[in-house]
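The values are calculated or read from the model by the stated rules, or taken from the named source; none is laboratory data. Keep in mind that what you see is a predicted model, and the values were worked out from it rather than measured. Cβ sites come from the backbone with ideal geometry, for glycine too, and all protein chains shown count toward neighbours. Keep in mind that these areas ignore ligands, DNA and RNA; they rest on the heavy atoms of the full protein, side chains included. Shrake-Rupley method; radii C 1.70, N 1.55, O 1.52, S 1.80 Å.
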There are 2 protein chains.
Amino acid sequence: MNLEWLTLFVDVAYRGSFAATARERNLDPSSVSRTIADLEVALGLRLFQRTTRKLALTEAGERYLAGIEPILDELNRAQEYAHASVDSPRGTLRLTASATFGLRCIVPLLAEFRERYPELRVEGLFTDDNVDLVAERIDLAIRLSPQIEGNYVATQLMKTRYRVVASPDYLGRSPALVKPSDLTAHRCVLLAVRAYQRRWVFRDNMGNMTEVPIEGDLVLSPAASVQVAALAGIGPALLPDWLVDEDIAAGRLLDLFPSYSVAATMFDTGAWLIYPSREFLPKKVRVMIDFLKEKIRRT
Amino acid sequence: MNLEWLTLFVDVAYRGSFAATARERNLDPSSVSRTIADLEVALGLRLFQRTTRKLALTEAGERYLAGIEPILDELNRAQEYAHASVDSPRGTLRLTASATFGLRCIVPLLAEFRERYPELRVEGLFTDDNVDLVAERIDLAIRLSPQIEGNYVATQLMKTRYRVVASPDYLGRSPALVKPSDLTAHRCVLLAVRAYQRRWVFRDNMGNMTEVPIEGDLVLSPAASVQVAALAGIGPALLPDWLVDEDIAAGRLLDLFPSYSVAATMFDTGAWLIYPSREFLPKKVRVMIDFLKEKIRRT
DNA sequence: ATTCATTCGTGCATATTCCGCATGAGCATA
DNA sequence: TATGCTCATGCGGAATATGCACGAATGAAT
């Protein structure tokens, strides 16, 4: 059965004529005749009594008309009700990011986001665990990576530089740290990610690469713990700029090799916004993407 | 949009899998995939978020599901509600017959019909005027005719013989009426139908036809009036057996030429039950047809 | 880390359905 | 009685739906 059959049936019932209904809908009368006949077969009911030149609803037809007219209205309302959740920034936005990125970069912005979109509820899943985006019904994910592969749409939020930092207190009581290879004489604070624990790679302005093996007896997670440890003077640490630039600006930490690019895995990494598809993108996702880009690019 | 799409959507939403839904419905998974994609385009909404191996309703999808599930139930109920009017003898049956046939042959039976079908309401339109069966929403018509043509289904209810009758009182004070041609000496009571007013045709047992020109200064309608006039001794009248047999049996009228078949138009006429179609015949029409055949054939 | 099995998406060909045209039968009106 | 219009139906072409085959992706098992 086709919904179009039902709306046609209602139309014919009110016009009292196949031919008039056909004219109004720019159809051939034969199509109207067949469609009504098909509907009668599908229902197992005679809906209209008709001869040439005359047409009248049967009793069953009147009952069926009474039954489906509200239903057709409800179908439209169901579509509008579903649309309401995506056409304006309302409902619930489920957002995921790594624990530290979420905590330091996203959470501080949510007060203003709430001001701007009072009807939108945000559920932030900030974890370093692997998150199943489909099963968790995630609307928007933030991933820290050189690049994003897979079927999801990815738009870069920001580029990330990593810095080797230590506190002034630590530096005042430790062997000199002038060039990267000096790190071998220090016990570093390490992030609990395998790729971050063996060696750090330095690239100078000329593009020369230096790979420095590092050691450390303190391996922490999440990245914020490593930051706190560095601030406490426990040792040098490799941390992203979005995490430590404020401490550096305030003199709480020092960027030990500012003229180098440093990476534990790959250079040219960054934070990416990831969402399932540009097609049928709910407004709530759109506004969060725009908001984050606006806020994070301003800093 | 197709209702099948909607039921498929509900199915997928509950099974959480295109492939599982396809198996259950004996479809190819590609058809399920396309159907859901078509529904999403028609609605302008993403209903499911999916990758390979994972499928979850979106918020809009959940809302739409909540909206249409009751609607699908209502559609079934609308069909059942419409069917209820035809699947059992209830509702209103609109019946038409000629004024006299309705009054004398149908009305006396309606008390028993009501006993038998208490939930069925009968509207009898007994008139000698031409009745538009479609416009008047007639379920069942009774027509007196040699045969029925046209698109309607016709089943014969009874055969009709016409009789020339007069009252004993009239005969006692009038010229002898021995053979049909004797009628030319009498002023007859005529039915106000053109075909009944010029000549009556007599057919004897051997098949010999005699056409007798008749005259009368009293032309009445409906046929019951002619009967009453004959009973009052005003003159001979040509009337159908179902109208006068009781008077004959009681001696109130005499059949003047019982060994002849008489007709004003054609012989071998009868009463026919006429209804629009055997297909999708409502129960109420069926039971009335069966009832009339049972009752009228018993008398 | 690799392999395997399964899911969802899509191109292509085929089957099915829908639609308009033409025509006929029937009916109401002039 | 003739005419014009409605509804029904055969037929052919256009549009849509479906299955098959295949590929990409993913989760589970090894």
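Please give the total accessible area that chains B and A bury against each other, computed with a 1.4 Å probe and expressed in Å² to the nearest 100.
Buried: approximately 4200 Å² between A and B.
Shielding of B:84-91 by partners, i.e. mean partner chain Cβ atoms within 10 Å per residue? Provide the component values of the computation, followed by the final result.
Values: counts 2, 8, 7, 3, 0, 0, 1, 4.
Partner-chain Cβ atoms within 10 Å, mean over residues of B:84-91: 3.
Across peptide B:44-56, how many C-beta atoms of other chains are within 10 Å of each residue C-beta, on average? Mind dumping the intermediate values first?
Numbers: counts 7, 8, 7, 2, 1, 9, 3, 8, 2, 1, 4, 2, 7.
Counting Cβ atoms of other protein chains within 10 Å of each residue's Cβ and averaging gives 5.
If I ignore ligands, DNA and RNA and count only protein heavy atoms, how much of A:L120 is accessible to a 1.4 Å probe, in Å² to the nearest 10?
20 Å²
Please state the shape class of segment B:82-148: rounded when a/c is under 1.5, otherwise prolate if a/b exceeds b/c and oblate if not, all from the C-alpha gyration tensor. Walk me through the intermediate numbers first.
Details: a/c = 2.28, a/b = 1.36, b/c = 1.67.
Oblate, because a/c is 1.5 or more while a/b does not exceed b/c.
Between segment B:61-77 and segment B:170-187, what is the C-alpha centre distance in whole Å?
Cα centroid of segment B:61-77 versus Cα centroid of segment B:170-187: 80 Å apart.
What does the accessible area of B:R15 come to, in Å² to the nearest 10, when a probe of 1.4 Å is used?
Estimated to the nearest 10 Å², B:R15 gives 100 Å².
Counting C-alpha atoms alone, how compact is the protein assembly as shown: give Rg to one decimal and Dmax as a whole number, in angstrom.
Calculated on Cα positions, Rg and Dmax stand at 46.2, 157 Å.
Just to be sure I understand: of the beta bridges DSSP finds with both ends in the protein assembly as shown, what percent are antiparallel, rounded to 5?
Bridges in the protein assembly as shown are about 70 percent antiparallel.
Please work out whether segment A:1-62 counts as rounded, prolate or oblate from its C-alpha gyration tensor, where a ≥ b ≥ c are the square roots of the eigenvalues and a/c under 1.5 means rounded, while otherwise a/b larger than b/c means prolate and anything else oblate?
On the way: a/c = 1.62, a/b = 1.15, b/c = 1.41.
Oblate shape, in that a/c is at least 1.5 and b/c is the bigger or equal ratio.
Taking beta carbons within 10 Å but only from partner chains, what does the mean come to for residues B:270-281? Before the final figure, lay out each step's value.
Details: counts 0, 0, 0, 0, 0, 1, 5, 2, 0, 4, 9, 1.
The per-residue average across the peptide is 2.
In Å, what is the Rg of the alpha-carbon atoms in segment B:162-263, and how long is Dmax?
In order Rg, Dmax, the Cα atoms of segment B:162-263 give 12.3, 34 Å.
Which order do B:Y162, A:Y81 take when ranked by solvent-accessible area (1.4 Å probe, heavy atoms of all protein chains), largest first? Display every interim value, and only then the final one.
On the way: B:Y162 35, A:Y81 110 Å².
These residues rank, largest area first, as A:Y81, B:Y162.
Which one, A:Q156, A:V131, A:V178, is farthest towards the positive end of the dipole of chain A when Lys and Arg carry +1 and Asp and Glu -1 on their Cβ?
The Cα lying farthest towards the positive end belongs to A:Q156.
Within the protein assembly as shown, what whole-number % of the accessible surface is contributed by carbon and sulfur, with the 1.4 Å probe and all protein chains included in the calculation?
On the way: 14460 of 30160 Å².
Heavy-atom surface of the protein assembly as shown belonging to carbon and sulfur, 1.4 Å probe: 48 percent.
Non-local amide H neighbours of B:T160 (under 5 Å, H modeled in plane, Pro and chain starts lacking H): which ones?
Amide H neighbours of B:T160: B:T269, B:G270, B:A271.
Determine the dipole magnitude for the protein assembly as shown: charges of +1 sit on the beta-carbon of Lys and Arg, -1 on that of Asp and Glu, nothing else is charged, the reference point is the Cα centre, and the result goes in debye to the nearest 20. Each step should come with its number before you reach the end.
Numbers: 74 positive and 76 negative charges, 67 e Å.
Dipole of the protein assembly as shown, to the nearest 20 debye: 320 debye.
By its C-alpha gyration tensor, with a ≥ b ≥ c as the square roots of the eigenvalues, how is segment A:110-213 shaped: rounded for a/c under 1.5, else prolate for a/b larger than b/c, else oblate? Intermediate values should be presented prior to the final figure.
Values: a/c = 2.52, a/b = 1.97, b/c = 1.28.
The shape class here is prolate.
Whole-Hz ³J(HN,Hα) for each residue in segment B:157-162, computed from phi via Karplus 6.51 cos²θ - 1.76 cosθ + 1.60 with θ = phi - 60°, x for glycine and proline: what do you get?
8, 6, 8, 10, 10, 9
Give, ordered by residue number, each residue of segment A:120-163 whose 1.4 Å probe accessible area is reduced by a minimum of 20 Å² on adding the remaining protein chains to the chain alone.
Going by heavy-atom accessible area, the residues of segment A:120-163 that drop by at least 20 Å² are A:D132, A:V134, A:R137, A:Y152.
With springs only between Cα atoms under 10 Å apart, run a GNM on chain B and tell me which of B:F202, B:F257, B:F18 wobbles the most.
Of B:F202, B:F257, B:F18, the Gaussian network model singles out B:F18 as fluctuating most.
Which residue fluctuates the most in chain A, going by a Gaussian network model with Cα springs under 10 Å, if the choices are A:R34, A:R116, A:R199?
Highest fluctuation of the listed residues: A:R34.
Top to bottom by accessible area (1.4 Å), largest first, where do B:M1, B:M158 land? The partial results should precede the final answer.
Values: B:M1 70, B:M158 35 Å².
Most to least solvent-accessible, the answer reads B:M1, B:M158.
Give the separation of the Cα centroids, segment A:89-106 to segment B:236-273, in Å.
97 Å
Among B:S167, B:S261, B:S17, which one shows the highest mean-square fluctuation when chain B is modelled as a Gaussian network with alpha-carbon springs under 10 Å?
With Cα springs under 10 Å in chain B, the top fluctuation among B:S167, B:S261, B:S17 is at B:S17.
Residues of chain A: accessible area per residue at 1.4 Å, in Å²? Spell out each step's value before the answer.
On the way: 15050 Å² over 299 residues.
Accessible area per residue: 50 Å².
Give me the distance in nm between label points sitting 7 Å out from Cα along the Cα-to-Cβ direction at B:D28 and A:D217, one decimal.
The modelled label-to-label distance comes out at 6.7 nm.
Take each of the peptides A:173-183, A:58-68, A:277-287, average the number of other beta-carbon atoms within 10 Å over its residues, and list them starting from the highest. Intermediate results must be reported in sequence, preceding the final value.
Values: A:173-183: 13.9, A:58-68: 21.3, A:277-287: 16.5.
The densest-packed peptide leads the list: A:58-68, A:277-287, A:173-183.
Efficiency by 1/(1 + (r/R0)^6): what FRET value for A:R203 and B:A66, r their Cβ-Cβ distance, R0 = 45 Å, to the nearest 0.05?
Values: r = 55 Å, r/R0 = 1.23.
Computed FRET efficiency for A:R203 and B:A66: 0.25.
Translational D (Stokes-Einstein, µm²/s) of chain A at 4 °C and 1.567 mPa s when Rh comes from the Kirkwood sum over C-alpha pairs? Don't skip to the answer; put the middle values down first.
Values: Rh = 24.4 Å.
In µm²/s, the coefficient is 53.
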